[in-house]
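I have placed the structure first, in the form of structure tokens, so that the comments after it can refer back to it.
The values are calculated or read from the model by the stated rules, or taken from the named source; none is laboratory data. Nothing here was measured: the structure is a model prediction, and the numbers come from that model. Here the Cβ is made from the backbone with ideal geometry for all residues, glycine too, and neighbour counts use every protein chain on show.
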Amino acid sequence: MRLLVIGGDGYLGWPQAMYFSRRGYEVAVVDNFLHRKLDERGGTESLIPIFPLDVRIKAWKEVSGAEIEAFIGDVTDFEFVSEVLRSFRPDAIVHYGEQPSAPFSMIDRDHAVFTQMNNIVGTLNLLFAMKEHCPECHLVKLGTMGEYGTPNIDIEEGFIEIIHNGRKDVLPYPKQPGSFYHLSKVHDSHNIMFACRNWGLRATDLNQGIVYGVETDETALDERLATRFDYDGIWGTVLNRFCVQAVIEHPLTVYGKGGQTRGFLDIRDTMRCVELAVCNPPAPGEYRVFNQFTEQFTVRQLAELVKNAAQKKGFAVEIVQTEDPRVEAQTHYYNAKHTRLIDLGLRPHYLSDVLLESILDKLSRYRHRVKKETIPPLVDWRSTRNPAGYKPVTLPLSFDNKAR
Ligand code: USQ
């Protein structure tokens, strides 16, 4: 099977490409190095050193004997996407290639516009290119649990049955996202659903929760295969941030009351969930949604778990309640369904003390690389002013097309 991973240089995309390659798929990756570029511009950096894509691909060949092809370019460029699909002819496309950060999208107008243009135009181009060059191909698109927000009722997997004035229908679940980034994923979902209905394309929208973890079976094979690990106030997600904070004995930054509840999953389960989606494609014309997470936690629960694991390792860790920079419910009802991937065969890796301790062990080897000044959350959801001199972004960013 020919599989294209868009965003194949990223935190999830790179391990996903190796995961499929190891299992006999013919894999190609697409990337424009957006995250590496934005790191350079913003002074952020992966905690774990990451090697240039060409070095990664060579190392993978050495270690596994398998080839991964690379297409360097931007999916907001329609000619480029068309050419990739025309020449590679994928059976499935795994689309990770978007700007992934909510705080980034809330910096100011520039960053909101950049996020939505980059994400929505990229996905729309892909849909048109699929229609033209590979209409049978299965699109597996990374969406987010954040599309739903935090409603005061159970969250279903994509659709909800509604009875209104005596009539019944199954309709898309209401979307109440909490940032311009999460909104970009909502808009993508609508465009993908429309393309399936209108053109008979097939797609799986994976509404993924917050991923944590440093290692997969493949990244662990060689240090040149490591994936990125972000911990700063823009790119780092909550549990990964807490783990890095713990190993430098920085107080754990719980925003507000810490009752914010979200779905979480281990990075190794992301790999498997995407494989399950790819191996069980929907029918032509079908648009389906899987809620991709394995457990729910509040932010405070996570802070307590990290604190306990860190204390066992001898780190002196405190939890501080800082002012919440986001506009979000700090305590709320949350019960999201997530059975469809389990039904397909997912066996989750649940969060445990042992796992947390092994993550802390690994991270502590790199703690000298932490840039403490990047940890505080500087982006204020209530303000439309760029708070800390983040450089303006415009599309398209100019990229040198080297596999750096
Ligand atoms: N939070 C803290 N302290 C921190 C960082 C975050 O209390 O130091 C809180 C936030 O206020 C929020 C929650 O933790 O309530 C989650 O924040 P996050 O930064 O870990 O995650 P989020 O911004 O929602 O976005 C991340 C990924 C995104 C993905 C999404 C899945 O960046 O790409 O789509 O998780 S989900 O959250 O399910 O929508």
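Data table
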quantity	calculated
Tabulated pairs, region 155-169, first in contact (Cβ under 8 Å) with a residue 40 or more places away in the chain and surrounded by 14 or more Cβ atoms within 10 Å (Cβ to Cβ), second basic (Lys, Arg) and assigned to a strand (DSSP E or B), C-beta under 8 angstrom, 6+ apart or interchain	158/288
Residues located in region 170-188, provided they are free of Cβ contacts under 8 Å to residues at least 60 places away in the same chain and either away from the ligand (no atom under 16 Å from the Cβ) or part of a helix (DSSP H, G or I) (or both)	170, 171, 172, 186
Elements of type helices (runs of 4 or more DSSP H) contained in region 222-329, each with 2 or more residues being within 30 Å of residue 200 (Cβ to Cβ) and within 16 Å of the ligand (Cβ to nearest atom)	267-279
Some residue of region 92-107 being touching a helix residue (DSSP H, G or I) at 6+ places or on another chain (Cβ under 9 Å), in contact (Cβ under 8 Å) with a residue 24 or more places away in the chain, away from the ligand (no atom under 16 Å from the Cβ) and over 30 Å from residue 297 (Cα atoms)	yes
Residue within region 204-219 that is at pLDDT 95 or above, of a type in the set (A, V, I, L, M) and away from the ligand (no atom under 14 Å from the Cβ) present	yes
Qualifying residue in region 76-89 (condition: in contact with an Asp or Glu (Cβ under 8 Å, 6 or more places away or on another chain), outside any helix (DSSP H, G or I) and crowded, with 17+ Cβ neighbours inside 10 Å)	no
Sole residue being under 21 Å from the mean Cα position of the chain (by Cα), in contact (Cβ under 8 Å) with a residue 12 or more places away in the chain and assigned to a strand (DSSP E or B), chosen from 71, 51	71
Close pairs from region 316-340: first over 30 Å from residue 384 (Cα atoms), partner within 9 Å of the ligand (Cβ to nearest atom), Cβ under 6 Å, at least 6 apart	336/263; 338/293
Residue that is surrounded by the fewest Cβ atoms within 10 Å (Cβ to Cβ) [pool: residues in region 330-345 that are over 22 Å from the mean Cα position of the chain (by Cα) and part of a loop (DSSP other than H, G, I, E, B)]	333
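Results for (1) in contact with a His (Cβ under 9 Å, 6 or more places away or on another chain); (2) β-branched (Val, Ile, Thr); (3) surrounded by fewer than 19 Cβ atoms within 10 Å (Cβ to Cβ); (4) part of a loop (DSSP other than H, G, I, E, B), shown as yes or no for each residue.
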{"site": "36", "(1), (2), (3), (4)": "no, no, no, no"}
{"site": "40", "(1), (2), (3), (4)": "no, no, yes, no"}
{"site": "57", "(1), (2), (3), (4)": "no, yes, no, no"}
{"site": "111", "(1), (2), (3), (4)": "no, no, no, no"}
